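Structure, as structure tokens:
The values are calculated or read from the model by the stated rules, or taken from the named source; none is laboratory data. All values reported here derive from a predicted model rather than from experimental measurement. Methodologically, a virtual Cβ is constructed for each residue, glycine included, from the backbone with ideal geometry; neighbour enumeration extends over all protein chains shown.
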Amino acid sequence: MTYYPLFHNSKQLHVLIVGGGRVALRRAKALLQAGATCDLIALEVQIELAELVHKHGGRVIQQAFHADWLSDQYQLILALTNDINVNAHIAEQAKRQGLMVNVANDASVGNVAFGSTVDRQPLTIAINNGGASPVLSRLLRQQLEQFVPKHYGQLSALVGKYRDAVKQALPKESDRVGFWEGVLQGAVAEALFSGQHNVAEDLLKKALQQADKHTSNGEVYLLGAGPGDPDLLTLRAFRLLQQADVVLHDALVSDQIMALVPDSAERIYVGKRRANHSVPQGGINQLLVDHAKLGKRVARLKGGDPFIFGRGGEEIETLATSGVPFQVVPGITAASGCSAYAGIPLTHRDYAQSVRFVTGQLRDGSIALDWQALAVEHQTLVFYMGLKGLPIICQELIKHGMDPNMPAALVEKGTTQDQRVIVSDLCNIPEVMTKQTVMSPSLFIVGRVVDLHDKLAWFDSERDG
């Protein structure tokens, strides 16, 4: 480690900036925003930079740098001129006097390096690679900006407010660690992330009152896992999955998504395949309740979106009746994800002005649908769980007036590296499906938009027809 990370109280920092250009302006903005005091010396100074320094009570001196300007009133020197020799001279003089100095475009000449920061005041995350690649630091910062919610700063402030009270209530360090882990990964944090600051503080006070009883409340996270590609998992679903004690997952959750489950979490498979339900729906509902009432954080991981043919409504009905707290995180449903990866837009001004999501199998196993309403032009039909009943679906649509040559597609294992798209028409696709041995999970799409597949496909590893 060449550069050891330290955080300086910037309100006590007096900085001398040497240079009046674009880099100096960027540095001055960051330091002044953090509460530092800045003076500036340069032969030529951008107007915006001079006004900024003056506005915050600093001095602007338009003259060439001289070593006499270095004194113990400054804790940090920034050598930001366009002349590398001048910058090196400034750095040499500053280090000789034991001052911190940063040099533009060459951190190794100085003894201080600036990094990219993620500001969640009072929480700050800094990234630095010794000046080797500012672009890499910026890209990492952008990723962290997405994975660290804005409300983490408020959470940090709330925790700091009650730190002494918790220390007094729980003198033993191991007890405090357990308490704070529950706060930072439980209902308090989730309430704050949802914008309910008062609720979060009330929950923290309640937890503090019960701290010596070592009780914890469970919760269920109903998470949409999307159609398969792990990059399509939402950030919120990923964050909640990381703090789960128990994960109940179904058959449609891809191996790549399951690889994101923490090793410490208990995994319970509750998948359903055709005529083979490993755990009946009532049993799944009860498992969620039982584990949550043991004080565990339970992630119910469901393929696609839990509220689109995912029985999520049935599960949270049971949770609500049982008094178990829960939250729902939507996922990208198969119709949206698989059609996009297959290059089949669900709507198009020239071909389809509406789209209908249809289940290919009702609760009693039948396929009794409103065929007359489905068999119309300028509409895209997307059938979930329609593989077994596909011949009947095609037959009924044709019987009720749909063009037998209507384009149709089967998307097998959509959005994954094993994706396969089979394109045919309503009359012939049952036979094609049999010859191609299509497996679940598969999505059946019917409509003129399917004709766009050959032109718009961007992800297919193989295309059959």
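On the stretch given as the stretch 142-158, residues that are in a helix (DSSP H, G or I) and either of a type in the set (G, A, S) or surrounded by fewer than 17 Cβ atoms within 10 Å (Cβ to Cβ) (or both) total 9. When the residues of the stretch 444-460 are filtered to those that are over 20 Å from L387 (Cβ atoms) and among the charged types (D, E, K, R), which remaining residue is surrounded by the fewest Cβ atoms within 10 Å (Cβ to Cβ)? Residue satisfying both the conditions and the ranking: K455.
Among the residues of the stretch 104-126 satisfying the criterion of being in contact with a Leu (Cβ under 8 Å, 6 or more places away or on another chain) and closer than 19 Å to A67 by Cβ, which is surrounded by the most Cβ atoms within 10 Å (Cβ to Cβ)? Residue satisfying both the conditions and the ranking: A104.
Does at least one position in the stretch 164-175 carry a residue that is assigned to a helix (DSSP H, G or I), buried (at least 19 other Cβ atoms within 10 Å of the Cβ) and over 25 Å from the mean Cα position of the chain (by Cα)? No: the stretch 164-175 contains no residue that is assigned to a helix (DSSP H, G or I), buried (at least 19 other Cβ atoms within 10 Å of the Cβ) and over 25 Å from the mean Cα position of the chain (by Cα). On inspection, V101 fails the criterion of being more than 23 Å from F7 (Cα to Cα) and surrounded by 15 or more Cβ atoms within 10 Å (Cβ to Cβ). Set side by side, the residues K95, K161 differ, and just one is part of a helix (DSSP H, G or I), without any contact (Cβ under 8 Å) to a residue 24 or more places away in the chain and surrounded by 13 or more Cβ atoms within 10 Å (Cβ to Cβ), which is K95. The requirement of being modelled with pLDDT under 95 and surrounded by fewer than 20 Cβ atoms within 10 Å (Cβ to Cβ) is satisfied by G271. Candidates in the stretch 433-465 are the residues that are of a type in the set (V, I, T) and modelled with pLDDT of 95 or more; of these, the one that is nearest to V253 (Cα to Cα) is I445. Taking first residues from the stretch 129-149 that are closer than 22 Å to N111 by Cβ and partners that are hydrophobic (A, V, I, L, M, F, W, C), the Cβ contacts under 8 Å between residues at least 6 apart in sequence or on separate chains come to N129/L136; G130/A107; G130/A113; G131/A107; G131/A113; S137/I127.
Only one entry of M406, M433 meets the criterion of being assigned by TED's automatic domain parsing to the domain that holds H378, within 18 Å of V358 (Cα to Cα) and over 34 Å from the mean Cα position of the chain (by Cα), and that entry is M406.
For the stretch 13-40, a residue qualifies if it is among the hydrophobic types (A, V, I, L, M, F, W, C) and over 37 Å from the mean Cα position of the chain (by Cα), and the qualifying residues are V15, L16, I17, V18, C38, L40. Within the stretch 303-355, if we keep just the residues that are crowded, with 19+ Cβ neighbours inside 10 Å and among the charged types (D, E, K, R), the residue that is nearest to the chain's Cα centre (by Cα) turns out to be D305.
Only residues that are closer than 15 Å to T81 by Cα, among the aliphatic types (A, V, I, L, M) and exposed (fewer than 14 other Cβ atoms within 10 Å of the Cβ): list them for the stretch 18-60, please. Within the stretch 18-60, just L43 meets the criteria. Tell me yes or no: at least one residue of the stretch 127-140 is in a helix (DSSP H, G or I), touching a Leu at 6+ places or on another chain (Cβ under 6 Å) and polar (S, T, N, Q). Among the residues of the stretch 127-140, not one is in a helix (DSSP H, G or I), touching a Leu at 6+ places or on another chain (Cβ under 6 Å) and polar (S, T, N, Q), which makes the answer no. Summed over the stretch 397-434, the residues that are part of a loop (DSSP other than H, G, I, E, B), of a type in the set (S, T, N, Q) and surrounded by 16 or more Cβ atoms within 10 Å (Cβ to Cβ) give a count of 3.
Which condition from (1) over 30 Å from G295 (Cβ atoms); (2) not in a helix (DSSP H, G or I) is the one that Q327 breaks? Status for Q327: all satisfied but (1). Screening the stretch 11-28 for residues that are touching a helix residue (DSSP H, G or I) at 6+ places or on another chain (Cβ under 7 Å) and free of Cβ contacts under 8 Å to residues at least 60 places away in the same chain and picking the one that is nearest to T117 (Cα to Cα) gives A28.
In a residue-by-residue description of the stretch 219-230, the property of being within 30 Å of G271 (Cβ to Cβ), in the same structural domain as I284 (by TED's automatic domain parsing) and in a helix (DSSP H, G or I) applies to at least one position.
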